[in-house]
Each structure stands twice: as C-alpha cells, then as structure tokens.
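*Asks:* Please find one structure pasted underneath; my questions will follow.
Nothing in this text is a laboratory measurement; each read-out follows from the coordinates by a stated rule. Every value quoted in this text rests on a predicted model; they were computed, and no experiment measured them. Don't worry about glycine lacking a Cβ; one is built from the backbone with ideal geometry, like all the others, and counts go over all protein chains shown.
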C-alpha cells in the first residue's frame, strides 16, 4: 500500500487556511444565573406569583434554556396569566428547542395580545429564516421592527437576516444600530466582529471580539469565533487559551472539539485530531470544513477508504471543491484504486489551469494504468509551470439567453448566460447583464464581483478596478482582493497592485495566495529577504511540493550568496520536475558554482536532449 504522506502536506496547508482571566466583576450571564436562582427559590414557596413566573421565563430565554422557559410559561398560565400575552414567549421557547413547526402552531393557536405582536413577529422571523424562507422572514422582521424599533437584540437578528441575503451593507447598518442602542450588547459586538472579519480582515476583527468579551466574559460564542480567528492568524497558543475558556462555559460543544482537532492536525498529532473529531458525535458531519479535515486526518492515519468516503460526501455538496477532489484522488491511489484516482482527478486535469501537483499525480496514475502517452502529456504540462485560464462553464440544453432575459435579476439564470456569452466572445452583452444585477444589489459583494469579472472579460480594466474596489469594501477576502490586484495590474497600476497584495497579506496572514504574490513582487524588486520570508511561509504550510516556491527560494538564496540553501531548494525542485528546462538550467548553474563541473555539464546535455 502506498503511503500518501508525501501528497498530503499541501492539502493540509490548504485546509488549515479554515484577555486573561483575573479578578473581575460578575459577568452579565452570572448575574442572570444569580437572579434565576433567586426567582426559583421564591417561586418554590409560592408558584402563583404571576409577574415573577413571567420574569423567570424571559430570563431563561436570555440564558438559552428553552425547556426551562417553556415550563415557566406553563407555570405563569397556571398562575392566571393571559394566554394571548404569553403565547409569543411559549413559541420562542419552542423555537429555541429547535422545533419551529411547533412554534408556528403555538402562534396560530389563538389571538396575540396587541402589545406582544412585535415579539410574535420576531419569533416568526427567526423561524422563517432558519427554514430558508427569506421572503416571509423579511415581512415578519419588518413588523417586529415597527413594534420594537429600539430593541438591540432584535436588530442583531435583522443583521443576521440581511447577511443571509448577502446584503453586507444592510447587515452592517443593522448591527451598528444595535450597538448604538446598547453599547454593552455582547452579542451585537461579537456579530460586528464577524462582519469586520469579512470586510476588513482577521486582524481588524480582534478588537471587536475583545469588546464583546469585555461586555460579557462568558460569551462562549464570541470566544469560539475569536479562537477560530486567532487560528487563522497562526496565533495557536492564543487560540488554545480562548478554546479552553469556551470549553469551561459550554463543555461538550462540537465546534470547540473541531477547532481543537484543527490544532492537533496542525501539530501533526492526527490520532488526537481523530479523537476530537469523534467527540462531536455527528453534530458537524454536514459541515464542509469538518468533512475536509476528517478526510485529511483519516488519510494520514492510513484509513484510505474512510478518507475517500468523507471526500466523496464533500464533493456531493461542493462539486467544484478541487481540494476535496485531490484528497479523494490520493485516497483512492493510496488504497490501490488507480481507476478511482484517475476519475477523481479528471475534472481537475481537464482544466486549462490545472495545477502542477494534480498533473504530477495524474501522470503517476496514468503510468500505473499503462497510459504512457497520457502520463507524458501530464508531465509536460506540469513541467511548463504555466497554467492557462479556466474556461467558463456553460451548461448545455438550456436557452440561457432567453431565460436570463426573462429573469434579469435571478443570478441562477443570469450567471450561466453570462458565462456562455463570455465564452462565445460576447463579453459586452455579459457586462450589460452584470450591470443590471449589480445596480439592483449594490450592497452585495458577489454582484460587484460578477460585474468586475465581466468587465475584465470585456477588456475594460478601469471599470473592473471600480467594481472590485466596491466588492472589496464589502468583503476583503482573497477572492475580491486578488481580483482587484489583477485588475490594477492589467490597468497598468503595478504599484497599486502590489500595495493591494501586501494589504491582503497584512489583513489575512493565513493567505497562501497573498504570500505567493507578495513573494513574487519582492523578487521583482530584488528584495531578497522579503521574498524569502514570504516563500518560506508558503513552504512551511504546503511542504516541499510546490516547484515554483522552491525555484524562487533558490534564486533568492543564491542572490544573497547562501549557496548551500540555494542548492538544497533547487535540488528539491529538480526531483519534482526533472524535465523542466528552467529548473535544469538553474540547477546546472548552482552545480557549476559549487565546483561540480561534470554534473553541471551532464545536466546541460540533458537539457539539450529534452529541448530536441
């Protein structure tokens, strides 16, 4: 059985791109718990105290105890409470237990007291949103806001709804208003941190997580999100501190186990990672990140069949997830199923922009299957180190243009039509469609990205820059920032492109793409130390599997006069790409400078033979 370790380093690297305690005042949650205990003691002596039963129900809802809140509502009804006034609280308790259908039945069972209609609409909005019925959710939230315009917690849910609709500007406005209404609302501050993470990057979000935890040190959700952010920043010790604090508050939380498993896998302790993943007890099995990590862990531990199962499941929900396809290919190949590996790789190697890693594995698989010509072709493409551009995907069998004309604001109809038009050379028409979609969704990053992509296809780089800038103002992730950098470069603004790449590197230190591009920029400027720092970070993450990184490191070390390191890097590159002309040339130069003239001459002779 083949050991897949040499093929996994890059995959794990791609995956993991996924205050102190002391004396302090009683936290808001602790204060609520103290009040809960006091109320329950009082009510144990006299359960007919209606006002206190209602207070207890609301307090338990704040604590997230749906079962306890429902019992308190029933006790309030038993104490003579108005069913029309208590119905929204009962519905909220049911929804909190994950039973949205029962929540709706409770709301529909009778009249709602006029003063409680806003709260009833709020519950309905949350359930509709959880069910994916965004139209009904919008109507419900609109009614709730009319009745409860200054409820900070309601505006947090409105922000959640707007983000679900990809309305980044609207979500930002809602959460800012929630904080304006209550500057100590920890949930609002934590949600603000999540939005800032998307808009401005990882580092910028940390101050908002700190603010959320200052407002409520026992906000477990904020601690978990902070831990994930710290992990993406590579601050693993700080990440572990946050996870331990969260685990003390919500022991057994599945997300905590998952993040601890990420840490364990990052440290190479795959058995511990597997144990931690198993402790989630299936609660995260449908999450893409969980599936990907599970596949990598099982592959490292020799469980090729299990790894393939996880990768297969992920591909079912994310057919375009190339990392999952690579893992599936490695698992099948390591398990002795060369045909399965070839099938998994086929959608990748058929692309003009296929990466050299996948092409090299495809070459090995093809050779094992006796397909010598295919193996040689894959090796030649990998050796070129110059991937082309991916062809737009245009499904067959549909009247794409007609469907898009009939529903010009439906992305599901418009995007395939645009892709077909761009592939057919009619980028101008695609740009017109994108403009209509963007103008109707100015606060949606994807709409601006789509417009920028169409502008690039049409050769209007200035317009593409404007569109990608608008997208980056909403979402500063790799997908927007790298597009902006490319558009700036195409528009002739090399300095602006470089600054954009460096800004991404600063805001998203975990970005491999940012380090690669920043390293290339440093090479162009002959800033060898900077180039080495960027490319070494990439090498630490993906291992010695990226020929371009090894080649550039060799050049940079050679320019600094560090010949031993330069030789080591180019030797590694040559093992991966023994037929690549540039690699052979650089290797020959290093050998000659190191005094091994015969080896250099032999390599140059090989270059001439390959060149023929």
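*Asks:* Rank-order 189-195, 95-101, 54-60 by packing density, defined as the average count of other C-beta atoms within 10 Å over each peptide's residues, highest first. If you can, show how the numbers build up before the last one.
*Replies:* On the way: 189-195: 24.6, 95-101: 16.3, 54-60: 21.0.
Ranked by mean Cβ neighbours within 10 Å, highest first: 189-195, 54-60, 95-101.
*Asks:* How many angstrom separate the Cα center of the stretch 150-220 from the Cα center of the stretch 223-269?
*Replies:* Result: 21 Å between the Cα centres.
*Asks:* Per Stokes-Einstein, at 37 °C and 0.692 mPa s, what whole-number D in µm² s⁻¹ belongs to the stretch 392-503, with the Kirkwood radius over Cα pairs as the hydrodynamic radius? Intermediate results must be reported in sequence, preceding the final value.
*Replies:* Numbers: Rh = 14.1 Å.
Approximately 233 µm²/s, per Stokes-Einstein.
*Asks:* Something else: Please work out the Cα center distance from the stretch 319-345 to the stretch 509-554, rounded to the nearest Å.
*Replies:* 28
*Asks:* Report the percentage of all Cα-Cα pairs in the chain whose separation exceeds 37 Å, rounded to a whole percent. Walk me through the numbers on the way to the answer.
*Replies:* Numbers: 87279 of 186966 pairs.
So the pairs more than 37 Å apart make up 47 percent of the total in the chain.
*Asks:* If each DSSP helix of 4+ residues adds -39,500 (n - 2.57) and the sum is divided by the residues in the chain, what number results at 222 nm, nearest 500 deg cm²/dmol? Write out the running numbers ahead of the final one.
*Replies:* Details: 35 runs with 459 residues, N = 612.
That calculation yields -24000 deg cm²/dmol at 222 nm.
*Asks:* Run the numbers on the stretch 540-612 and let me know its relative contact order in percent, using alpha-carbon pairs under 8 Å that are six or more apart. Before the final figure, lay out each step's value.
*Replies:* Working: 71 pairs, mean separation 17.1, N = 73.
Normalised by residue count, the contact order of the stretch 540-612 is 23 percent.
*Asks:* Which order do 563, 466, 271 fall in if you start with the one that has the fewest other Cβ atoms within 10 Å?
*Replies:* Working: 563 14, 466 17, 271 11.
Ascending Cβ contact count within 10 Å gives the list 271, 563, 466.
*Asks:* Where the Cα atoms of the stretch 553-612 are projected onto their three principal axes, how long is each span, largest first, in whole Å?
*Replies:* 34, 22, 15
*Asks:* Limiting things to C-alpha atoms, what are the Rg and the maximum Cα-Cα separation (Dmax) for the stretch 99-214, in angstroms?
*Replies:* In order Rg, Dmax, the Cα atoms of the stretch 99-214 give 15.1, 50 Å.
*Asks:* What order do you get for 92, 237, 606 when you list them from fewest to most C-beta neighbours inside 10 Å?
*Replies:* Values: 92 26, 237 8, 606 15.
Listing 92, 237, 606 from fewest to most nearby Cβ atoms yields 237, 606, 92.
*Asks:* Defining a contact as two alpha carbons under 8 Å apart and six or more residues distant in sequence, what relative contact order in percent does the stretch 392-503 show? Please report the intermediate quantities before stating the final value.
*Replies:* Numbers: 147 pairs, mean separation 18.2, N = 112.
Rounded, it is 16 percent for the stretch 392-503.
*Asks:* Given a cut-off of 22 Å, what percent of all Cα-Cα pairs of the stretch 509-612 lie beyond it? Display every interim value, and only then the final one.
*Replies:* On the way: 1635 of 5356 pairs.
Distances greater than 22 Å cover 31 percent of the Cα pairs.
*Asks:* Report Rg(Cα)/(2.2 N^0.38 Å) for the stretch 175-278, keeping two decimals. Spell out each step's value before the answer.
*Replies:* Working: Rg = 14.2 Å, N = 104, 2.2 N^0.38 = 12.8 Å.
Here the answer is 1.11, to two decimals.
*Asks:* At a 10 Å Cβ-Cβ cut-off, how would you order 241, 196, 330, fewest neighbours first?
*Replies:* Details: 241 18, 196 21, 330 28.
Ranking 241, 196, 330 by Cβ neighbours within 10 Å, fewest first, gives 241, 196, 330.
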